[in-house]
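Contents: one structure, followed by commentary.
The values are calculated or read from the model by the stated rules, or taken from the named source; none is laboratory data. This one's a predicted model, so the numbers in the text were calculated from it and none came from an experiment. Cβ: placed from backbone, ideal geometry, glycine included. Neighbour counts: every protein chain shown. With ligands, DNA and RNA removed, areas are computed over all heavy atoms of the protein, side chains included. Shrake-Rupley method; radii C 1.70, N 1.55, O 1.52, S 1.80 Å.
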Amino acid sequence: MLNTKYQIILLGFYLISITSLTAQDNSTPVNENSDENKFVAINIAPQPEALVTINQDPRIKTLLDIKSKMEKNGEFSDRYKIQLYYGNLNKANEIMKASKEAFPKWDSSIKWETPNYKVWLGNYRTRLEADRALKEVHSEFPNAFIFKPE
(Lines give C-alpha, C1' and ligand atoms only; values in the text may rest on other atoms or scores of the structure.)
Protein backbone atom coordinates (compact mmCIF):
# COMPACT_ATOMS: atom_id res chain seq x y z
CA MET A 1 0.00 0.00 0.00
CA LEU A 2 2.73 2.47 0.96
CA ASN A 3 4.93 1.37 -1.93
CA THR A 4 2.19 2.27 -4.39
CA LYS A 5 1.83 5.74 -2.87
CA TYR A 6 5.58 6.32 -2.99
CA GLN A 7 5.74 5.13 -6.59
CA ILE A 8 2.97 7.55 -7.58
CA ILE A 9 4.70 10.42 -5.80
CA LEU A 10 8.04 9.61 -7.43
CA LEU A 11 6.38 9.33 -10.82
CA GLY A 12 4.80 12.77 -10.27
CA PHE A 13 8.17 14.32 -9.40
CA TYR A 14 9.73 12.65 -12.43
CA LEU A 15 7.06 14.03 -14.77
CA ILE A 16 7.38 17.52 -13.29
CA SER A 17 11.14 17.50 -13.68
CA ILE A 18 10.90 16.30 -17.29
CA THR A 19 8.38 19.02 -18.12
CA SER A 20 10.55 21.72 -16.55
CA LEU A 21 13.61 20.46 -18.46
CA THR A 22 11.78 20.43 -21.79
CA ALA A 23 10.46 23.93 -21.07
CA GLN A 24 14.03 25.11 -20.47
CA ASP A 25 15.20 23.38 -23.66
CA ASN A 26 12.60 25.25 -25.72
CA SER A 27 13.24 28.68 -24.20
CA THR A 28 17.03 28.91 -24.10
CA PRO A 29 19.64 27.23 -26.19
CA VAL A 30 21.79 24.93 -24.13
CA ASN A 31 25.21 23.60 -24.96
CA GLU A 32 24.76 19.84 -25.02
CA ASN A 33 28.19 19.20 -23.51
CA SER A 34 27.63 21.66 -20.65
CA ASP A 35 26.33 20.47 -17.24
CA GLU A 36 25.90 23.95 -15.76
CA ASN A 37 22.17 24.31 -16.55
CA LYS A 38 21.10 20.88 -15.39
CA PHE A 39 21.44 21.60 -11.67
CA VAL A 40 20.30 24.53 -9.59
CA ALA A 41 22.39 25.57 -6.59
CA ILE A 42 20.44 25.88 -3.35
CA ASN A 43 21.85 27.75 -0.40
CA ILE A 44 20.58 26.39 2.90
CA ALA A 45 21.25 28.69 5.80
CA PRO A 46 22.10 27.09 9.16
CA GLN A 47 19.29 27.08 11.69
CA PRO A 48 19.74 29.60 14.51
CA GLU A 49 20.33 28.07 17.93
CA ALA A 50 17.51 28.37 20.42
CA LEU A 51 18.02 30.05 23.75
CA VAL A 52 15.70 29.21 26.65
CA THR A 53 15.64 31.31 29.78
CA ILE A 54 13.90 29.89 32.84
CA ASN A 55 12.84 32.36 35.50
CA GLN A 56 11.85 30.59 38.68
CA ASP A 57 11.52 31.54 42.28
CA PRO A 58 14.54 30.37 44.33
CA ARG A 59 12.15 29.10 47.00
CA ILE A 60 10.99 26.30 44.68
CA LYS A 61 14.12 24.26 45.47
CA THR A 62 13.42 24.66 49.18
CA LEU A 63 9.84 23.46 48.67
CA LEU A 64 11.00 20.43 46.69
CA ASP A 65 13.45 19.51 49.47
CA ILE A 66 10.67 19.76 52.08
CA LYS A 67 8.36 17.63 49.92
CA SER A 68 10.99 14.91 49.48
CA LYS A 69 11.58 14.81 53.25
CA MET A 70 7.84 14.51 53.86
CA GLU A 71 7.58 11.66 51.36
CA LYS A 72 10.44 9.81 53.07
CA ASN A 73 8.74 10.27 56.43
CA GLY A 74 5.42 9.21 54.95
CA GLU A 75 3.56 12.26 56.11
CA PHE A 76 1.23 12.42 53.11
CA SER A 77 1.78 9.31 51.07
CA ASP A 78 0.01 5.97 50.93
CA ARG A 79 1.43 4.03 53.84
CA TYR A 80 0.25 1.26 56.10
CA LYS A 81 -0.06 1.49 59.87
CA ILE A 82 -0.97 -0.95 62.63
CA GLN A 83 -3.75 -0.01 65.01
CA LEU A 84 -3.13 -1.35 68.50
CA TYR A 85 -6.04 0.11 70.43
CA TYR A 86 -9.11 2.34 70.34
CA GLY A 87 -10.96 3.54 73.40
CA ASN A 88 -10.45 6.00 76.28
CA LEU A 89 -7.43 8.29 76.70
CA ASN A 90 -5.97 6.70 79.87
CA LYS A 91 -5.82 3.22 78.36
CA ALA A 92 -4.50 4.66 75.06
CA ASN A 93 -1.60 6.30 76.92
CA GLU A 94 -0.80 2.99 78.67
CA ILE A 95 -0.86 1.09 75.35
CA MET A 96 1.34 3.71 73.69
CA LYS A 97 3.88 3.54 76.51
CA ALA A 98 3.91 -0.27 76.33
CA SER A 99 4.31 -0.21 72.55
CA LYS A 100 7.27 2.19 72.76
CA GLU A 101 8.96 -0.13 75.25
CA ALA A 102 8.21 -3.32 73.30
CA PHE A 103 8.89 -1.92 69.80
CA PRO A 104 11.30 1.04 69.99
CA LYS A 105 12.18 0.81 66.29
CA TRP A 106 8.65 1.89 65.25
CA ASP A 107 7.00 5.20 66.04
CA SER A 108 3.70 5.09 67.88
CA SER A 109 1.15 7.85 68.09
CA ILE A 110 -2.28 8.61 69.51
CA LYS A 111 -5.00 9.93 67.22
CA TRP A 112 -8.37 11.14 68.33
CA GLU A 113 -11.43 10.34 66.27
CA THR A 114 -14.75 11.01 67.91
CA PRO A 115 -15.46 9.42 70.41
CA ASN A 116 -12.33 7.26 70.78
CA TYR A 117 -8.58 7.57 70.97
CA LYS A 118 -6.57 5.31 68.70
CA VAL A 119 -3.00 4.09 69.09
CA TRP A 120 -1.18 3.64 65.79
CA LEU A 121 2.18 1.97 65.31
CA GLY A 122 4.70 2.27 62.48
CA ASN A 123 4.66 3.72 59.01
CA TYR A 124 5.12 0.96 56.43
CA ARG A 125 5.60 1.48 52.70
CA THR A 126 4.26 -1.89 51.58
CA ARG A 127 1.67 -4.33 52.82
CA LEU A 128 4.37 -7.01 53.08
CA GLU A 129 6.42 -4.83 55.41
CA ALA A 130 3.34 -4.20 57.55
CA ASP A 131 2.50 -7.93 57.65
CA ARG A 132 5.98 -8.77 58.91
CA ALA A 133 5.68 -6.16 61.64
CA LEU A 134 2.20 -7.38 62.57
CA LYS A 135 3.58 -10.87 63.25
CA GLU A 136 5.90 -9.37 65.87
CA VAL A 137 3.21 -7.08 67.28
CA HIS A 138 0.68 -9.90 67.75
CA SER A 139 2.79 -11.36 70.55
CA GLU A 140 2.12 -8.22 72.67
CA PHE A 141 -1.13 -6.94 71.15
CA PRO A 142 -3.25 -9.80 69.78
CA ASN A 143 -6.08 -7.47 68.61
CA ALA A 144 -3.82 -5.33 66.41
CA PHE A 145 -4.62 -4.98 62.70
CA ILE A 146 -3.20 -3.31 59.57
CA PHE A 147 -4.94 -0.42 57.84
CA LYS A 148 -4.28 2.49 55.49
CA PRO A 149 -5.09 5.88 57.05
CA GLU A 150 -7.01 8.37 54.91
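If you count only protein heavy atoms and use a 1.4 Å probe, how large is the accessible surface of LYS97, to the nearest 10 Å²?
So the heavy atoms of LYS97 present about 130 Å² to solvent.
Give me the distance in nm between label points sitting 7 Å out from Cα along the Cα-to-Cβ direction at LYS148 and THR62, one decimal.
Once both label points are built, they end up 3.4 nm from each other.
Do any of LYS118/LYS148; LYS97/LYS118; LYS69/LYS100; LYS67/LYS118 go past 19 Å between their Cα atoms, and which?
LYS69/LYS100; LYS67/LYS118
How large is ³J(HN,Hα) for each residue in segment 39-52, as worked out from phi by the Karplus curve 6.51 cos²θ - 1.76 cosθ + 1.60 (θ = phi - 60°), to whole Hz, x for Gly and Pro?
10, 10, 6, 10, 9, 10, 6, x, 6, x, 7, 7, 10, 10
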